[in-house]
Amino acid sequence: MRLHFIPLLFITLFSFGQNSLQSYADNRLLAMLKTQQADNGLIILKEVATDKIVAKSSFVSKKAKNGIVYEKDSSLYASIIEPGGLMIPVSVGYLLDNTNLSLLDSVNIESGSTTIGNLKVYDSEDFGLRYTSLKNVVQISSNVGVAKLFNTTLKEQEIDHFKHAINSYFKATDVFGKNELSLITIPFISFGYGLLLSPIQILNYYNRLAFSDPSLYKKSTTMQQLHDVLVGVSKNGTSKQLLDNSKTEIASKTGTILALNKDGYTSKQYVSAIVGYAPAANPKYSCIVLIKCQKNATQYYGASVAGPVFKDILNEALK
């Protein structure tokens, strides 16, 4: 009898833990959505070693007589978005794996704005920097830095290779859809605009990093360099203020994504985003949080809206 009792007790406790984590995810996400009066939001939490989803939560806002209410909506998990800043480590990984660039190489980010072709590229803020390292380009999420690198290094004959590599990172057949790939469009794709991914596909890539999937990159050094960069984002970059008091060290990447609506980008509506894994040294869980803020929201940065939910769910999972 005892031989049967111990496994049954373990299964019961394990199931209770998962249910508790699911409830926590629901409550934490819902609280932030209500505070921000956001349009919608989701959490997906994975177990790194098994690649299994252990908790997920998604809500959309609905107008009611007494104001805004939130309802669960599982369609968000398969929704297609532009990944914005969450794409920058992916793009830098391509450069590290396919060129002679290193994280110590210097990039002129021109104080946060440049022109490629006839189009302007902007950073979310003027960092007061001109030359900075490739590592810091990721840490501060510089669109200008990564776009300029692709503009100066990628050759016409390498476009098909770039397309194949990016699809392979996400284990997808085509993340570009009808968007044209050219030497003009790829710099914009490098910081997350002009390609289409589901939240699960984005998390899958970061889970592969956490798991150190040997099929992800050709060079043995690329994986470790990207891991160091994501830890750097948490310690010195856009997640620093958020994760300074985290109970566990988290590797992360934030994104503040200009939402593509029916009117294009003119509504100035943002998706607050963050993705990563923990503990950084021996990852057990990976997580993504996306919150579509209301139009003209006063808070919308990845670290300030999605970030606290992300930090709390990972710390709760690792208790």
remark   = When segment 188-208 is checked residue by residue, the ones that are open to solvent by 10 Å² or more (accessible area, probe 1.4 Å) and touching a Leu at 6+ places or on another chain (Cβ under 6 Å) are Arg208
ask   = Would a scan of segment 76-99 turn up a residue that is open to solvent by 10 Å² or more (accessible area, probe 1.4 Å), free of Cβ contacts under 8 Å to residues at least 40 places away in the same chain and either more than 23 Å from Thr298 (Cα to Cα) or within 20 Å of the chain's Cα centre (by Cα) (or both)?
value = no
query = Has segment 183-198 got at least one residue that is in contact with a helix residue (DSSP H, G or I) (Cβ under 7 Å, 6 or more places away or on another chain), polar (S, T, N, Q) and under 19 Å from Thr99 (Cβ atoms)?
reply = yes
Residues within segment 297-317 that are open to solvent by 50 Å² or more (accessible area, probe 1.4 Å), touching a strand residue (DSSP E or B) at 6+ places or on another chain (Cβ under 7 Å) and touching a residue at least 60 places away in the same chain (Cβ under 8 Å), tallied = 1
request  = Look at Ile288 and say whether it is in contact (Cβ under 8 Å) with a residue 60 or more places away in the chain and surrounded by fewer than 24 Cβ atoms within 10 Å (Cβ to Cβ).
outcome  = no
request  = Would you point out which residue out of Glu110, Glu125 is without any contact (Cβ under 8 Å) to a residue 60 or more places away in the chain and closer than 27 Å to Pro199 by Cα?
outcome  = Glu125
request  = For segment 1-52, enumerate the residues that are of a type in the set (D, E, K, R), open to solvent by 80 Å² or more (accessible area, probe 1.4 Å), at pLDDT 95 or above and assigned to a helix (DSSP H, G or I).
outcome  = Lys34
key: Which numbered condition Ala280 misses (of (1) in a loop (DSSP other than H, G, I, E, B); (2) among the hydrophobic types (A, V, I, L, M, F, W, C); (3) over 16 Å from the mean Cα position of the chain (by Cα))   = (3)
request  = Please give the number of the condition Ser106 fails out of (1) more than 20 Å from the chain's Cα centre (by Cα); (2) open to solvent by less than 30 Å² (accessible area, probe 1.4 Å); (3) closer than 25 Å to Gln224 by Cβ; (4) not basic (Lys, Arg).
outcome  = (2)
task = Could you look through segment 133-148, keep only residues that are open to solvent by 20 Å² or more (accessible area, probe 1.4 Å) and without any contact (Cβ under 8 Å) to a residue 60 or more places away in the chain, and pick out the one that is farthest from Gly232 (Cα to Cα)?
result = Lys148
note = A careful count of residues in segment 281-296 that are touching a strand residue (DSSP E or B) at 6+ places or on another chain (Cβ under 7 Å) and closer than 22 Å to Asn261 by Cα gives 6
ask   = Where residues in segment 216-255 are part of a helix (DSSP H, G or I) and charged (D, E, K, R), which of them is surrounded by the most Cβ atoms within 10 Å (Cβ to Cβ)?
value = Lys235
ask   = Filter segment 245-266 for residues that are within 25 Å of Asn143 (Cβ to Cβ) and more than 16 Å from the chain's Cα centre (by Cα); which is modelled with the lowest pLDDT?
value = Thr266
remark   = With criteria (1) at pLDDT 95 or above; (2) out of contact with any Leu (no Cβ under 7 Å at 6 or more places or on another chain), Gly117 comes up short on (1)
inquiry  = Suppose the filter is open to solvent by 70 Å² or more (accessible area, probe 1.4 Å), outside any helix (DSSP H, G or I), hydroxyl-bearing (Ser, Thr, Tyr) and out of contact with any Ser or Thr (no Cβ under 8 Å at 6 or more places or on another chain); does Thr173 pass it?
reply    = yes
Matching strands (runs of 3 or more DSSP E) fully within segment 69-156 where at least 1 residues are over 21 Å from Tyr205 (Cα atoms) and among the basic types (Lys, Arg) = 119-122
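The values are calculated or read from the model by the stated rules, or taken from the named source; none is laboratory data. What you are looking at is a predicted structure, and each value in this text was computed from that prediction instead of being measured. Virtual Cβ from ideal backbone geometry, glycine too; neighbours counted across all protein chains shown. Surface accessibility is based on the protein's heavy atoms, side chains included, excluding ligands, DNA and RNA. Shrake-Rupley method; radii C 1.70, N 1.55, O 1.52, S 1.80 Å.
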